[in-house]
1. Taking residue 217, is it assigned to a helix (DSSP H, G or I) and outside the structural domain of residue 415 (by TED's automatic domain parsing)?
2. Taking the options 33, 44, 19, 85, name whichever one is among the small types (Gly, Ala, Ser) and assigned by TED's automatic domain parsing to the domain that holds residue 164.
3. Return the only residue of 160, 168 being crowded, with 18+ Cβ neighbours inside 10 Å, of a type outside the set (D, E, K, R) and without any contact (Cβ under 8 Å) to a residue 40 or more places away in the chain.
4. Every residue in segment 152-184 that is out of contact with any strand residue (DSSP E or B) (no Cβ under 7 Å at 6 or more places or on another chain) and either among the aliphatic types (A, V, I, L, M) or in a strand (DSSP E or B) (or both), please.
5. Output the qualifying pairs, or none if there are none: Cβ atoms under 6 angstrom, residues six or more apart or on different chains, first residue in segment 71-88 and on the phi < 0 side of the Ramachandran plot and of a type outside the set (Phe, Trp, Tyr), second residue surrounded by 18 or more Cβ atoms within 10 Å (Cβ to Cβ) and not in a helix (DSSP H, G or I).
6. Contact list please: Cβ distance under 7 Å, first residue in segment 338-351 and in the same structural domain as residue 114 (by TED's automatic domain parsing), second residue modelled with pLDDT under 95 and polar (S, T, N, Q), pairs at least six apart or on different chains.
7. Quick check on this structure: which one of 298, 302 is within 21 Å of residue 99 (Cα to Cα), surrounded by fewer than 11 Cβ atoms within 10 Å (Cβ to Cβ) and at pLDDT below 95?
8. Restricting segment 276-292 to residues that are in a strand (DSSP E or B) and at pLDDT 95 or above, which is nearest to the chain's Cα centre (by Cα)?
Amino acid sequence: MAGFTPHTPAEVKEMLGAAGLTGIKELFADIPADLAPKSFKIPAGMTEYEALSVLNSMAAKNNTSAAVFMGGGYYDHFIPAAVDAISSRAEFYTAYTPYQPEASQGTLQAIFEYQTMMAKLSGLEVSNASLYDGGTALYEAIAMAIRTNNRSKVIIDKGVNPIYRQIVKTYAANQKIEIMEVDLKDIYTDREKIKSMLDESISAVVMQTPNYFGIVDDFSDIYKSAQEKGITKIAVFYPMSLGILKTPGEMNADIAVADGQSLGLPLSFGGPYLGIMAASKGYVRKMPGRIVGETVDKNGTKCYVLTLQAREQHIRREKATSNICSNQALCALRAVVYLALLGREGFRKASLVNFEKAEYLKSKLKKLAEIKKGTTFNEFTVKLDCGAAVFAKKMLAKGFAAGIPASLYYPDKKNYLIIAATEKRTKKEMDDFAVAFKSAL
């Protein structure tokens, strides 16, 4: 693509002169040669119209007509038009950090409502004002556990989203944190192995339901064993599933995290998304970011304030929790609007429809491939007689984004395909999917 600079050669020369330099290269003299860019040659500039034409031509190459049966933590859910309409209002999308409560009551109330909804959804007592995405939320939960019990070892079930696990490893790489991943038994949690590893040296244990392969589980037994050893219990959940599934709070988790993409956020080629975090009250002062509280002003009128701000801007650096909270909560606002539009009963029905769609698709495929046993929500795993990656390419050519080949993250599972069916998938699409599935085998 073309480059753009607003400065004329004369202005560049003037700025270099003011800095006591004779050329652009002197600005980069301190960069070692092996790290320096090979060239600053960029294409000639374009007009706005020319640039738009190039971008439109590139965009036209994308195939957006395929019926999406992919999941892996990010799902093709229906988003009511009102979500875009409300969240696009200028008072929301131009708002930033609400440092001045007297000028930010609308934003603060929206965040307060978001926190309330996330606490109710997860079955836990408190929620912060959102994080970046599910993976960073999981790291922050682990950091909370380490700050709380001053231990450094963390057990993570390999059924936890592999993208989240990689994010955690990246953040922990230069810290004294030992990540211990526990292999699955096929696609199921090795709960006895995990229980055998729980001792007083472990800071946190991380479980996910439904796991990456779609298996729904109840980790109450693991959490009970962890609690006896003073270990922080962290649950990774799928928000849409909690319309019908047991909540992290009901399993006695201490901290629950999720990606809120399923709550009114489009897939958008990978973001921006929404990191959800909720916790029991005992962890509130270890939470990153902000918590909005409800109070009254001097006239007794209800109002909202930033009750907890654990950032280094507000407290001593060594007592700060995290600087990952510049999120102005626009994505969280979308989740609030989405949930408010559906309401409690509507959300439960949407959750149930997701479950029913997947069960219908299972019924269409059961004679074509081995469907892995276990309770699922809207995602399940099939074992093929051929490589799943090649099979997925065949299905894409037939107009179906058929699922995620598990071998992308689990090399030993080359024949496993993870398939999702959301409320957007019609009966005809699923019937056609089954026909294409059979012909692609």
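1. Values: assigned to a helix (DSSP H, G or I): no; outside the structural domain of residue 415 (by TED's automatic domain parsing): yes.
Criteria not met by residue 217.
2. Working: 33 fails: assigned by TED's automatic domain parsing to the domain that holds residue 164; 44 fails: assigned by TED's automatic domain parsing to the domain that holds residue 164; 19 fails: assigned by TED's automatic domain parsing to the domain that holds residue 164.
Criteria check complete, one pass: 85.
3. Result: 168 is the single residue among 160, 168 that is crowded, with 18+ Cβ neighbours inside 10 Å, of a type outside the set (D, E, K, R) and without any contact (Cβ under 8 Å) to a residue 40 or more places away in the chain.
4. 163, 167, 173, 184
5. So the pair list comes out as 71/379; 71/420; 76/68; 76/422; 77/422; 79/264; 83/264.
6. none
7. Details: 302 fails: at pLDDT below 95.
Being within 21 Å of residue 99 (Cα to Cα), surrounded by fewer than 11 Cβ atoms within 10 Å (Cβ to Cβ) and at pLDDT below 95 holds for just one of 298, 302, which is 298.
8. Taking segment 276-292 first, the residues in a strand (DSSP E or B) are 276-279, 290-292.
Still in the list and also at pLDDT 95 or above: 276-279.
Details: 276: 8, 277: 11, 278: 14, 279: 17 Å.
Among those residues, the one meeting the criterion is 276.
The values are calculated or read from the model by the stated rules, or taken from the named source; none is laboratory data. No experiment lies behind these values; they were computed from the predicted model shown. Note: ideal-geometry Cβ built from the backbone for every residue, glycine included; neighbour counts use all protein chains shown.
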